[in-house]
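J.: The structure's right below; bear with me while I get my questions together.
Derivation of every value follows stated rules applied to the coordinates shown; laboratory data play no part. What you see is a predicted model; the values in this text were computed from it and never measured. Neighbour counts are summed over all protein chains in view; Cβ atoms, including those assigned to glycine, are modelled from backbone coordinates with ideal geometry.
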Amino acid sequence: MCGISGIVHSENFGRNLLNSIRNLEYRGYDSCGVAVIQNGKIDLRKNIGGIDDVNLKERLDQMQGKIGIAHTRWATHGSVTQENAHPHLSANRKFAVVHNGIISNYQQLRERLLSEGVCFESLTDTEVFVNLLEKSFAESNDLEQAFLTALQQIEGSFSIVMLSSHDPEHLYCVKKESPLLLGLGEGCNYVGSDINAFLEYTRKAVVLDEGEYVILGPNDYQIRSLKTGKKVNKSVLQIDWDLETSKKGGYSHYMLKEIFDEPQTVRQAMQIPKEQISAIAEMFDGSSRSYLMGVGTTYYVACISQYYISTIADRYYSALSSDEFSVVDIHKGDMVLAISQSGETYDTKTALVNAKDCGAQTAAIVNVMGSTISMMVDHVIMQGSGPEICVVSTKAALAQTFIMVRVALELGLIRGRITKKVYQKYQRDLEEFPEIVEKILNEQSGFVRNIARDTSHVEHWLFLGCGVYYPVAMESALKMKEVTYQHAEGMPAGFLKHGTLSMVESAVHSLFFVPPPEQKELHERTLIAMEQVKSRGGTVIALIFQGDDRAQGLASQSVKIPPVSTLFAPLIQMIIAQMFAYYAALDLGRNIDKPRNLAKSVTVG
Ligand code: G6P
């Protein structure tokens, strides 16, 4: 799991190669490196740290030329060391390789190569592959043949880009289970793990499919199937992401910028044609059993969706974390909806493959165009949220939830659980939502910031809610953990008294997600739990709706949200909690856009 990138230029690519891995840094950032051909030889520089650190140590910005590869790493095989960073060189230094994924049989291959006298500098699976290349080339003296022979020997999942001084005009690339795309420019072509690698330079992309390899020159490219060796003709995708949305645009962090992108993100989600939304509702309606699936934040989006579908459409679908999906016995006629920002998450991909093998219908909500999940399902909704660079998901998660509310409404209508009139009222609410989000962000951020500052020292949080506010609380607790590294536990407010209440004392803070008072039953249940915490000396912070004096009376501090449709009250609280986590992390001086130990796109198991 990493970011890989390569450029072949007819003149000089300048700093574009370095910029390209900078734009992929969110995929992994524990070490990085660049290899270019200069004066017929491979110049390799790499080290541990983020791109800017390594650039200072190794002067990567001086590494220019016509052809090069680069890599930003999130360690899987071998710890974070300079030797284990990519690119990796073969023993004779004539081949360099960057790799994303796992070569599962690398141990056997490594032992074989060791017995043949090969010396390794690193502990990585990638260095095994690059030495296989050298060996294969020695036998065939043909670069394409050597690439294929080496590939035949490896198993697992991998995207690989190879650079060789034997052919300074072409990069050799292959895709199997890990993402890889081409970017087509003028007198210059690109390859990268995702669109961000080349979005600054070209809007034309070609998405590689499983088992395809490419020989990429500055003005030409040839894609072939690994299996048949036959040439494959592919369509060129026009990328419509706005470049500006992938920049920080004056905000101190991508996380904050992406939270403030949310009104626009929701507008985009509203523009998804109704037919695409109904198609998913119909798939649900026509299936014998349905499941909602995601992992990390997208699992919580699935949980929130479960509540919306249950209350609006009177259908209960299990929400499952993709990594636990194997507990389900899937049958023909079942339906699985996957939610994934990146469209590349290993756990979600694996669960989908199994579901398909068992004959299930599959659908997905995905943000990244051309991603594996978007291509493998029967029906996909592209959420159109634009690049999300901060590792923690904010705008993408909100848009996914909004889309699922739309799905719930379509399903409610199809199943006759809501009338046309109610449906239309909700549609009007949906249309007003982007403006409400804008207003909330502008008006509430100051209040949220103050409370976050006052409480950033708190080491233990309980995030509590009832009904749909419960999965909102869980997602918000995850956000808090991800960016502040403080302990936050999301749970149903009514569950608290069955054990966790014993922890409560003044140092343990509880954040309550209080529904608007008109949601009487949920509101009442939440207030009971607030009283339980308060009366045990716990500190109560609350997200409440204006005019809720009872809730305000129970809280030591509260964010007072202007009244909104109950349809959206949970989503508004989700946004406030995102800001809350952001400002707490800011106060604690955390690495907000790239929290320790995490990566945005986890493409390994
Ligand atoms: C990683 C990220 C999480 C994210 C999860 C699912 O674990 O660190 O923030 O929620 O992957 O990612 P996806 O791209 O499938 O939504």
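J.: Restricting to bridges with both residues inside the chain, how much of the DSSP beta-bridge set is antiparallel, in percent to the nearest 5? Before the final figure, lay out each step's value.
T.: Numbers: 62 of 101 bridges.
Antiparallel bridges make up about 60 percent of those DSSP assigns within the chain.
J.: I've got another one for you. What does the net charge come to around Ser287 if you take all other residues with beta carbon closer than 12 Å to its beta carbon, with K and R at +1 and D and E at -1?
T.: So the surrounding residues net to -1.
J.: Continuing with this model, one more query. Show me, bin by bin at 10 Å from 0, the whole-percent P(r) of segment 561-605 based on Cα pairs.
T.: Final binned percentages: 22, 32, 28, 16, 1.
J.: Taking every pair of alpha-carbon atoms in segment 265-418, what share in percent sits in each 10 Å bin, from 0 to the bin with the longest distance?
T.: With 10 Å bins starting at 0, P(r) equals 12, 47, 35, 6, 0.
J.: Hey, another quick one. In segment 509-593, which GluC sites (Glu not before Pro) fall in coil by DSSP and have 14 or fewer other Cβ atoms within 10 Å?
T.: Answer by residue number: Glu518.
J.: Could you work out the mean projected area of the convex hull around the alpha carbons of segment 3-239, in square nanometres to one decimal? Show your work: numbers first, answer last.
T.: Values: hull surface 45.0 nm².
Over every viewing direction, the Cα hull of segment 3-239 projects on average to 11.2 nm².
J.: Select from segment 152-232 those trypsin sites (Lys or Arg not before Pro) which occupy a DSSP coil region and have at most 11 other Cβ atoms within 10 Å, ordered by residue number.
T.: Sparse-neighbourhood loop trypsin sites (Lys or Arg not before Pro): Lys227, Lys230.
J.: Which of the trypsin sites (Lys or Arg not before Pro) across segment 304-354 are loop residues per DSSP, with 10 or fewer other Cβ within 10 Å?
T.: Details: sites: Arg315, Lys332, Lys349; in loops: Arg315, Lys332.
Counting only loop positions with at most 10 other Cβ atoms within 10 Å, the trypsin sites (Lys or Arg not before Pro) in segment 304-354 are Lys332.
J.: Further question on the same structure: If you split all Cα-Cα distances of segment 332-425 into 5 Å bins from zero, what percentages do you get per bin, shortest first?
T.: 3, 13, 21, 19, 17, 14, 8, 4, 0
J.: Under a no-solvent Debye model with one identical scatterer per Cα of segment 442-605, what's log10 I(q)/I(0) at q = 0.12, 0.20 Å⁻¹?
T.: -0.48, -1.31
J.: What are the equivalent ellipsoid semi-axes of segment 103-238, built from the alpha-carbon gyration tensor (square roots of five times its eigenvalues), in whole angstrom, biggest first?
T.: Equivalent-ellipsoid dimensions as semi-axes: 28, 15, 14 Å.
J.: At 7 Å along Cα-to-Cβ for each site, give me the label-to-label distance between Glu531 and Ser288 in nm.
T.: A separation of 4.8 nm, rounded to one decimal place.
J.: Based on the inverse mean of 1/r over its pairs of different Cα atoms, what is the Kirkwood hydrodynamic radius of the chain, in Å?
T.: Working: mean 1/r = 0.0395 Å⁻¹.
After inverting the mean inverse Cα-Cα distance, the result is 25.3 Å.
J.: For a protection proxy built on the mean count of beta-carbon atoms within 10 angstrom, sort 192-199, 477-484 highest first, please.
T.: Descending packing order for the listed peptides: 192-199, 477-484.
J.: Peptides 13-25, 497-509: what's the order by average Cβ count within 10 Å, highest mean first?
T.: The packing order, highest mean first, is 13-25, 497-509.
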